[in-house]
Amino acid sequence: MIRLRPALWPTLVSLPILVLSLGLGIWQMERREWKRDILDRIAANQAAAPISLDELLRGDPLRHEYGKVKLGGTFLFDKEFFLAARSLKNKVGHQVVVPLKTDDGRVVLFDRGWIPQERKDPARRAEGQPAGQVELIGIVRRNQERRQFAPENVPDKNVWFHVDVPLMRKMAGAAPDPKLDTFFLDADAAPNPGGLPIGGQTRFDIPNDHLQYAITWFLIALAMAGVYLAYHWEAGRLEINGRKKTSK
């Protein structure tokens, strides 16, 4: 049997820390399940056969995130956007995002892949810019938000650090669209004429570290409880099975 006579200030300090740590641990476990659902859906989308753009737009396009879409259209190469500070094999360059205009006039952003800094000028990679109708397979990616501490996009200088789909589509002359503004497409690894841009740059290594975070918070809660009980034992305010520490 345990009998405890809580001391006021140690209890007022320890209890909020204990409750907060337990709450964060439980929250991380819930986040773990949420992330597992997302990863399962992404794995299923990756394994599925390509769907058409019309099929993608019938529901929520983001339900097909990382899935493949087949579509045709004409690239608007005069509207290229450049994602800065992208590297490949330790070489600095850009990702080239190009609006694609479909036969029915819809505009979809297509990340064609990586180019080295010295080939940013379209004239130096003209063979990789096909004229007229093209047939493509792209990987669905969601509109990107600016990450904390990341630089701001500079649209007037065509310097971008994340894909702002609504703004890029607007600058390409497209009307706002509640579905087309939520996603863009990544090129698969199919080679382009002349070798540039280099597609297949999509990263699928999405981490799920929430279990480690949960364990950390639960250990903090356990340590707090241990310190709290040790204090009360040393102060003679904790009795276990009739035994308590006595002052010498």
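The values are calculated or read from the model by the stated rules, or taken from the named source; none is laboratory data. Being a predicted model, the structure only gives us computed values, none of them experimental. Cβ placement follows ideal geometry from the backbone for every residue including glycine, while neighbour counts extend to all protein chains displayed. Keep in mind that these areas ignore ligands, DNA and RNA; they rest on the heavy atoms of the full protein, side chains included. Shrake-Rupley method; radii C 1.70, N 1.55, O 1.52, S 1.80 Å.
Below, the figures for the structure above:
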{"read-out": "Search result, residues across region 148-192 that are in contact with a strand residue (DSSP E or B) (Cβ under 6 Å, 6 or more places away or on another chain) and among the aliphatic types (A, V, I, L, M)", "value": "159, 163, 165, 168, 172, 174, 185, 187"}
{"read-out": "Residue 76, sole failed condition from (1) within 25 Å of residue 132 (Cβ to Cβ); (2) open to solvent by less than 20 Å² (accessible area, probe 1.4 Å)", "value": "(2)"}
{"read-out": "Tally of residues being more than 15 Å from residue 69 (Cβ to Cβ) and in contact with a Lys or Arg (Cβ under 7 Å, 6 or more places away or on another chain) across region 125-151", "value": "1"}
{"read-out": "Residue match in region 206-229 (condition: closer than 28 Å to residue 88 by Cα, of a type in the set (D, E, K, R) and surrounded by 14 or more Cβ atoms within 10 Å (Cβ to Cβ))", "value": "no"}
{"read-out": "Pick from region 230-248, criterion out of contact with any helix residue (DSSP H, G or I) (no Cβ under 9 Å at 6 or more places or on another chain), open to solvent by 70 Å² or more (accessible area, probe 1.4 Å) and part of a helix (DSSP H, G or I), ranking: nearest to residue 21 (Cα to Cα)", "value": "233"}
{"read-out": "Residues of region 1-51 satisfying the condition of being more than 26 Å from residue 228 (Cβ to Cβ), touching a strand residue (DSSP E or B) at 6+ places or on another chain (Cβ under 9 Å) and open to solvent by 50 Å² or more (accessible area, probe 1.4 Å)", "value": "46, 49"}
{"read-out": "Number of the exception - residue 64 against (1) farther than 21 Å from residue 214 by Cα; (2) without any contact (Cβ under 8 Å) to a residue 24 or more places away in the chain; (3) open to solvent by 50 Å² or more (accessible area, probe 1.4 Å)", "value": "(2)"}
{"read-out": "Search result, residues across region 109-129 that are in contact with a Pro (Cβ under 7 Å, 6 or more places away or on another chain) and open to solvent by less than 60 Å² (accessible area, probe 1.4 Å)", "value": "109, 112, 113, 114, 115, 128, 129"}
{"read-out": "Residue 139 vs. criteria open to solvent by less than 70 Å² (accessible area, probe 1.4 Å), closer than 26 Å to residue 40 by Cβ and part of a loop (DSSP other than H, G, I, E, B)", "value": "no"}
{"read-out": "Flag for residue 104 being of a type outside the set (S, T, N, Q), open to solvent by 60 Å² or more (accessible area, probe 1.4 Å), more than 28 Å from residue 61 (Cα to Cα) and out of contact with any Ser or Thr (no Cβ under 9 Å at 6 or more places or on another chain)", "value": "no"}
{"read-out": "Index of the failed condition, residue 105 passing every other in (1) of a type outside the set (Asp, Glu); (2) part of a helix (DSSP H, G or I); (3) free of Cβ contacts under 8 Å to residues at least 12 places away in the same chain", "value": "(2)"}
{"read-out": "Selection within region 148-203 - assigned to a helix (DSSP H, G or I) and surrounded by 13 or more Cβ atoms within 10 Å (Cβ to Cβ)", "value": "155, 165, 166, 167, 168, 169, 170, 171, 180, 181, 182, 194"}
{"read-out": "Complete set of residues in region 91-102 that are of a type in the set (Val, Ile, Thr) and in contact (Cβ under 8 Å) with a residue 60 or more places away in the chain", "value": "96, 97"}
